[in-house]
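Beneath this line is the structure, given in structure tokens, with notes to follow.
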Amino acid sequence: MTAQPNRRASGGLIDRSKVVRFRFDGRDFSGHPGDTLASALLANDEHMVARGFKYHRPRGIFGAGSEDPTALVQIGSDAARTDPNTRVTEQEIYDGLEALAQNVWPSLKFDVGAVNDLFSAFLPAGFYYKTFMGPLGNWMAFEPFIRKAAGLGKAPGAPDPDRYESINRHCDVLVAGGGPAGLMAALTAAKAGARVILAEETAALGGRLLSVDPDKVNLGDMAPTAWVESIAAELAGMDNVTVLTRTAAFGYYAQNFVGLWERVSDHLAPNDQPANLPRQRVWRVRAREVVLATGAVERPLVFHENDRPGIMLAGAARTFTHRYGVLPGKRVLVFANNDSAWEAAFDLQSSGARVAGIVDLRRDIDGGLLSTAAEHGISIHPGAAIVGTSGAQRVSGATVRRMSDSGGVEGPVTAIECDLLAVSGGWMPNIALFSQSRGKLVYDEDLSAFRPGQSWQKERSAGSAAATFDLDGCLKEGARAGADAASKAGIPAKAERPPKVEGAERPQGTPRVIPEIPSGRPRHKVRAWIDLQDDVTTKDLKLAVNEGYDSIEHAKRYTTSGMGTDQGKVANMNAFALVADALKKPIWQVGTTTYRQPWKPVTFAAMAGQHVGDHFHPRRVTPMHDWHKSNGAVFEPVGDWLRARAYQRPGESFEAAVRRESLAARESVAALDASTLGKIDIRGKDARTFLNRVYTNAWSKLAPGKARYGLMLGEDGMVMDDGVTACLADDHFHMTTTTGGAARVLTHLEDYIQTEWTDLEVYMTTVTEEWAVASLSGPDSWRVVAELCDGIDPDPEKFEFMSHTTATIDGVPVRVFRISFTGALAYEINIAADYGAWLWDKVMEAGQPYGIQPYGTEAMHLLRAEKGFVIVGQETDGTVTPADLRMDWIVSKAKGDFIGKRSLSRSDTVRTDRKQLVGLLTEDPTLMLEEGAHVIATATEPAEKPVPMLGHVTSSYDSPTIGRSIAMAMVESGGARMGERLWVSRKGGTPIPVKVTETDFLKMREDGDV
Amino acid sequence: MFLITCPYCGTRDQSEFSNAGEAHVARPANGEELTDEQWADFVFLRNNPKGLFAERWVHTAGCRRFFNMLRNTATDEILAVYEIGAKPPKVTTVEPATPSGEAPIGSGNDAVKVMRPEEPK
Amino acid sequence: MTDTHTALRRSPLAHRSTIKAMEHAARLSEVPFLGKLILRGDPAKIAKTVTGVAGASLPTACRATRKGDTAILWTGPDEFWIVTPDNAHAALADKLGKALSGIHHQVTDVSSYYAAIDLAGPKARGMLMKLTTLDMDRSAFTEGEVAGSNFGAAQATLWQTASDEEKGGPVFRLFVRRSMADYLWCLLAEAGFEWGMPRQAPLSGETWRLER
């Protein structure tokens, strides 16, 4: 355990009275509540936390928040909870936290992969493309190694035990960012009475106010943190405000739909996490108006050897100093191109560091800064550049040369020792969310960066996100933005008066941006990093441009610049500038890469929220479900439904159960839960006309009490659904649809009624689940119905096929249909679904003397295939006409127009070589064809590929009733091939010879044809 | 996700709705008299412009009514909703100059991410 | 029908019993066996007759009206739900049918089709926000409001039956297909877990939980 040598005596949002113990890279450390892993490691003088992606060079802590490109670690060693690519600058510490260095083997400090660095010349931009454009073998050979070396961190090895949630919220004003501008915006809108959500990415409100010297800056006579606390308290007291910390706005979508990602308990030890709260939450916010107060990030400088641990953004160094009470270096060298870095230098010096010098690319420095530097005794190097750095695992010094007029360097080399190199290339507004909102960016020449330009959605940017860098301006602009947003949301508001600011420091002025800072070295010996996470150097980008990748989007992908988990937050602007420089184009013309959602990595778990495991998807169950479950049912999903596929008895195989069930449905009686069939109540004086237009057959003469099978087509003439429709009264029909087609059919029918045939008086209402349905099949079925039902004589001689009637069971009304999908004598009993479970019990009880069996969907499929009935979606696939099914009999020639009619006479649909539905019988009756297998014309597969194919098997079963295997297939000109010998391909064997037959196998058996 | 204002239920999230294709495509009453090409034009061919488009939506999770919408497909801006049978209202929108061009703002596409210096700020 | 018959019925959530969050934060219960009719018709043509028969007037868009035990919910421009006490709907349907004869309309009994779930309490809004994109703020969704929407992956009709000011907090009634009722029940319970509502395992017995 080390003693936090870099911890300052006071200051910051940390609680020094408590000690937090954690492990990193197998070593024990301590910190305090309020620390991030980064601040705690820096307190312990640990700068190196990772190794680079490509070259495995040592990597340190570069930023202080989500902008940090490279300080990524693996959190937790528990296989289920481990989290890769966690930014040490964002992860707060807790007792027992374990962090592991990633991308290192065998250890952080000694890593074998570091040899890549010696071969860096062989890993140029486009390495993957170049290597794998060649023969396939290249990829095969390289893949195992690449897979091992690529990627950062390890995925969890066990299911995630934590809970996640998503929540939908609406508000008048959403404020993204809790810095000075965001706080004033939220306060203003909230005081006006608007519903406000304020989202702050870090653990505390305040933004950059937490990174300034509290002894120097005052807001309304309060220290910055005290002012922030007073505003936070005021907001917390209003019930129209939701303040979310540890919550990042990660995506700006259409019509002010903004995604927020809240890390609810990641900062707590697993045992301290509230059991009732999710680990993370996604807030799906729909805001009337949005204020983007997302702040700015500091820009790195691009110079030779700018990647060592201990090289850090100057602003980050100040954040560690003031927010976390940690001095990240004792001897600090500052490398700058703007005024704000000078303020950083003075600040670090007053905070206890010794500033070894300020190197500034600019020659002309403001007199005030020069005199302050002199007061502090800081040596200065204006018009100079750092041309190299030293230090193996931590920067130990840098070399400085004067810039020449021609843009190079000249004169003597000065070596300066340091243990922290604070760099600042100026500040860039955080424009990602603005650009995601599809607003247009403006390239600001003074800023040398992009800032928000023309808005597209209902948003405005405020504070440093809008390139307003002085504190007073940020506060005022925030208040104005809050007032504007609330007013535009319909709540008149006046900007709150901001506190008087004292002691504010100077903003950055005009930075001098040099895309690649000269080092005086030969071009091929310069290693200046643009993107620290992806290990992209200036050389890579220039090579990409040389090779013709002159679109920034292409150059990005070719080099992977900005493609890491940080999405190039600090790297991108330098990449744009370098590419523009190489192309000799203005930067606005080069443009930006696309700022896509999410702005920072969001866990998949948070996206999925509560809709996982038990709650992943609804599984619809029938009123009889409990009975099925307790009677050995094996279920299958049909659409969203869960249907009993077969009822296995103890020790019985699935196949045996299906045989038993199907035989009962043929020879005695069996019952199917048919409740899932779609049902539509159709009513109105034009109901018949409507049915005539939506089905292929005629409905004008169907009398009340009768039912008819119908086939429904799309306008393309292809079969889309089928079912039986019963006439209840002259103007009243009960339509059934397939289980999976119910919703689609109702929408299809409503479409025609609402938009096409608006003159027809027809109303439709779904009654699918109003009715529970028991379908009884088999010669004894009528006896069971007779026993059960009062007010009906189901004797098949008297109660005709395709008729229906009402009856009662113990006084409960039912509707009985005599219809059959098995080819056997069959009845369907419909009862109000509340009675469904009871009906099923009654059926089983009444059927017991006849040996009734429940049968599942597998037996149902087999039974209907024995009769040659089709299943829409199994025999058909959206390319099948009634004629293709050889069901021309159901297409009325006499009646008028119906949906799909004209398409049945299109040149394509009348082709005689279309595939048609036929039966197939294998010559060896014990052989089963595979569904989907190809039907071919030859006994062996011809050598030339592809094999000409006549069609495919759609259904195949082992039928105990027929006493052999049976199959149906769609075969080219199938109707004309009766009796023909064809073959069906199979994997790993010779094609199976089959005979083409009709599809009604029951009739064939009766006729002795099989 | 858009917000869609159902003419009957008011403004709701897009997840409640389903798109139902191009609007104002009448089903020919005289299908039998049409050539295959004419019929195919009705069944299979729909416009898919970049820019202003009249399309049908149905409020699937709400009132289940179909209605028409004018949407700028280049920017996803919804300009009007109106009932079935009504004529599309006159609207103005930022439209691409050519079928392959870009709307001046709102698409988020490469050509309009950044303002040109001469554009009014 | 008689009481002997009603004893034979099983409501969609008969296997569940009322569950509560801590400190009366929320309460989830089934309201079994309500009478439910779907009435289709042009309001301009049926409004007077319907009011005469059902008592309540036809509501305007996205609202419900009540008269005694009978409520009428607007669910579409020519579609209404009539909700009655147990067993009162059949006679009402009969009367409506007769009174509306000659006017184009449709009355459909859906009493068994839809489950009714009541969600009550001060945290009810917070729970619903986890399921639906509707604006559930008390300023936006008020007593007497009706909306069809998605709740998780289930379509349902939401109706606020009691105001936020009433004792026990607001009460929301959800009508959902009986086959989806258990899914919605479990998802609502999960949404209330934050406030101490017990978690519920789905009836289907099927789960997508990853197990190794």
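In table form, for the structure just shown:
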{"read-out": "Some residue of region B:42-63 being facing another protein chain (nearest Cβ under 8 Å), surrounded by 19 or more Cβ atoms within 10 Å (Cβ to Cβ) and under 14 Å from the mean Cα position of the chain (by Cα)", "value": "yes"}
{"read-out": "Any hit, region A:186-199, residues being closer than 23 Å to A:His32 by Cα and out of contact with any helix residue (DSSP H, G or I) (no Cβ under 7 Å at 6 or more places or on another chain)", "value": "no"}
{"read-out": "Lone unmet requirement of (1) at pLDDT below 95; (2) closer than 29 Å to A:Val115 by Cα; (3) touching a Gly at 6+ places or on another chain (Cβ under 7 Å) for A:Ala79", "value": "(2)"}
{"read-out": "Number of the exception - A:Glu923 against (1) within 30 Å of A:Glu661 (Cβ to Cβ); (2) crowded, with 20+ Cβ neighbours inside 10 Å", "value": "(2)"}
{"read-out": "Long-range neighbours under 7 Å by Cβ, at least six apart or interchain, first residue closer than 22 Å to A:Val612 by Cβ within region C:147-166, second of a type in the set (Phe, Trp, Tyr)", "value": "C:Ala154/C:Tyr183; C:Ala156/C:Phe175"}
{"read-out": "Whichever residue in region A:284-297 is crowded, with 24+ Cβ neighbours inside 10 Å and either outside any strand (DSSP E or B) or not β-branched (Val, Ile, Thr) (or both) and, among such residues, is nearest to the chain's Cα centre (by Cα)", "value": "A:Ala287"}
{"read-out": "Residue list for region A:562-608, restricted to those being under 30 Å from C:Pro202 (Cβ atoms) and either without any contact (Cβ under 8 Å) to a residue 12 or more places away in the chain or in contact with a Pro (Cβ under 8 Å, 6 or more places away or on another chain) (or both)", "value": "A:Phe604"}
{"read-out": "Among (1) crowded, with 17+ Cβ neighbours inside 10 Å; (2) modelled with pLDDT of 95 or more; (3) among the aromatic types (Phe, Trp, Tyr), the one test that A:Phe654 misses", "value": "(1)"}
{"read-out": "Qualifying residue in region C:151-159 (condition: closer than 29 Å to A:Glu761 by Cβ, among the polar types (S, T, N, Q) and more than 11 Å from chain A (Cβ to nearest Cβ))", "value": "yes"}
{"read-out": "From the options C:Ala181, C:Ala147, residue that is outside any strand (DSSP E or B) and either modelled with pLDDT under 95 or not assigned by TED's automatic domain parsing to the domain that holds C:Phe80 (or both)", "value": "C:Ala181"}
{"read-out": "A:Pro650 being part of a loop (DSSP other than H, G, I, E, B) and assigned by TED's automatic domain parsing to the domain that holds A:Gly823", "value": "yes"}
{"read-out": "Leading residue by the ranking (farthest from B:Ser18 (Cα to Cα)) among those in region C:130-146 that are free of Cβ contacts under 8 Å to residues at least 12 places away in the same chain and within 14 Å of chain B (Cβ to nearest Cβ)", "value": "C:Ala140"}
{"read-out": "Only one of A:Pro498, A:Pro492 that is more than 30 Å from A:Ala392 (Cα to Cα), at pLDDT 95 or above, buried (at least 24 other Cβ atoms within 10 Å of the Cβ) and not hydroxyl-bearing (Ser, Thr, Tyr)", "value": "A:Pro498"}
{"read-out": "Top-ranked residue of region A:227-264 - restricted to ones that are hydrophobic (A, V, I, L, M, F, W, C) and assigned to a helix (DSSP H, G or I), ranked as farthest from the other protein chains (Cβ to nearest Cβ)", "value": "A:Trp227"}
{"read-out": "Candidates A:Gly193, A:Gly178, A:Gly207, A:Gly182, filtered to the one that is in the same structural domain as A:Pro274 (by TED's automatic domain parsing), at pLDDT 95 or above and loosely packed, with under 15 Cβ neighbours inside 10 Å", "value": "A:Gly193"}
{"read-out": "Failed condition for A:Thr86, given (1) under 32 Å from the mean Cα position of the chain (by Cα); (2) over 26 Å from A:Ala314 (Cα atoms); (3) part of a strand (DSSP E or B)", "value": "(2)"}
{"read-out": "Cross-chain or 6+ apart pairs with Cβ under 6 Å, region A:272-294 first and more than 9 Å from chain C (Cβ to nearest Cβ), then at pLDDT below 95 and surrounded by fewer than 20 Cβ atoms within 10 Å (Cβ to Cβ)", "value": "A:Arg279/A:Asp162"}
{"read-out": "Qualifying residues in region A:555-614 (those that are among the basic types (Lys, Arg), within 14 Å of another protein chain (Cβ to nearest Cβ) and surrounded by fewer than 21 Cβ atoms within 10 Å (Cβ to Cβ)) - the one farthest from A:Arg263 (Cα to Cα)", "value": "A:Lys585"}
{"read-out": "Odd one out for C:Ile38, checked against (1) closer than 20 Å to C:Asp182 by Cα; (2) facing chain A (nearest Cβ under 9 Å); (3) within 16 Å of the chain's Cα centre (by Cα); (4) not basic (Lys, Arg)", "value": "(1)"}
{"read-out": "Selection status of A:Leu788, surrounded by 20 or more Cβ atoms within 10 Å (Cβ to Cβ), more than 48 Å from the chain's Cα centre (by Cα) and either at pLDDT 95 or above or not aromatic (Phe, Trp, Tyr) (or both)", "value": "yes"}
{"read-out": "Matching residues in region C:10-35 - criterion: being basic (Lys, Arg) and either assigned to a loop (DSSP other than H, G, I, E, B) or within 13 Å of chain A (Cβ to nearest Cβ) (or both)", "value": "C:Arg10, C:Arg16"}
{"read-out": "Residue list for region A:13-26, filter: at pLDDT 95 or above and either assigned to a strand (DSSP E or B) or not acidic (Asp, Glu) (or both)", "value": "A:Leu13, A:Ile14, A:Arg16, A:Ser17, A:Lys18, A:Val19, A:Val20, A:Arg21, A:Phe22, A:Arg23, A:Phe24"}
{"read-out": "Test: A:Ala80 is among the aliphatic types (A, V, I, L, M), in a loop (DSSP other than H, G, I, E, B) and not assigned by TED's automatic domain parsing to the domain that holds A:Thr321", "value": "yes"}
{"read-out": "Qualifying residues in region A:618-643 (those that are out of contact with any strand residue (DSSP E or B) (no Cβ under 6 Å at 6 or more places or on another chain), touching a residue at least 60 places away in the same chain (Cβ under 8 Å) and not in a strand (DSSP E or B)) - the one surrounded by the most Cβ atoms within 10 Å (Cβ to Cβ)", "value": "A:Trp627"}
{"read-out": "Filter result (of a type outside the set (A, V, I, L, M) and under 19 Å from A:Met844 (Cβ atoms)) within region A:785-807", "value": "A:Glu787, A:Cys789, A:Asp790, A:Pro794"}
{"read-out": "Members of region A:697-740 found to be crowded, with 20+ Cβ neighbours inside 10 Å, within 14 Å of chain B (Cβ to nearest Cβ) and of a type in the set (A, V, I, L, M), listed by number", "value": "A:Leu713, A:Met720"}
{"read-out": "Condition met for C:Met180 (within 7 Å of another protein chain (Cβ to nearest Cβ) and not charged (D, E, K, R))", "value": "yes"}
{"read-out": "Positions within region B:67-100 being free of Cβ contacts under 8 Å to residues at least 24 places away in the same chain and either among the charged types (D, E, K, R) or in a strand (DSSP E or B) (or both), in sequence order", "value": "B:Leu70, B:Arg71, B:Ala80, B:Lys87, B:Lys90"}
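The values are calculated or read from the model by the stated rules, or taken from the named source; none is laboratory data. Keep in mind it's a predicted model, so treat the numbers as computed, not measured. When we count neighbours, we look across all protein chains shown, and the Cβ atoms used for this are built from the backbone with ideal geometry, even at glycine.
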